[in-house]
1. Can you list residues whose amide H is under 5 Å from Asn36's amide H, if they're 5+ apart or on another chain and H is modeled 1.01 Å from N?
2. Could you work out how far helix 37-67 tilts from the main Cα principal axis of the chain, as a 0 to 90 degree angle to the nearest 10?
3. Using Cα-Cα distances under 8 Å and only pairs 6 or more residues apart, what relative contact order does region 3-67 have, in percent?
4. Run the Debye formula on the Cα coordinates of region 3-67, all scatterers equal and no solvent, and tell me log10 I(q)/I(0) at q = 0.14, 0.26 1/Å.
5. If you fit an axis through the alpha-carbon atoms of helix 3-24 and take the longest principal axis of the Cα set of the chain, what angle between them do you get, 0 to 90°, nearest 10?
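Any read-out appearing in this document is the output of simple, stated calculations on the displayed coordinates, not a laboratory observation. Quantities reported herein were computed from a predicted structural model and do not represent experimental measurements.
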Amino acid sequence: MSNSVLLLLGLVALVVGAVWVGQGLNLIPGSFMTGNRMWFFIGIVVGLAGIVMLVLAGRRLATGRRSG
């Protein structure tokens, strides 16, 4: 997977995870997910996956700059 795809997926996962955490904590109203704690935990997992993807993309970029 290319760095740009990994970076984009990481950013999307981080934003979606943050929204789901907000809905699960009843901070963002207007959805069937609002106030449902399950979405809080799902959001944390998705957000953490996004952070992992961003870190991996950053490491790939740093490694490519050093060797290139």
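1. Excluding prolines and chain starts, which carry no amide H, the hits are Asn26.
2. The angle comes out at about 10 degrees.
3. Computed value for region 3-67: 41 percent relative contact order.
4. Listed by q, the Debye log ratios stand at -0.45, -0.91.
5. 20
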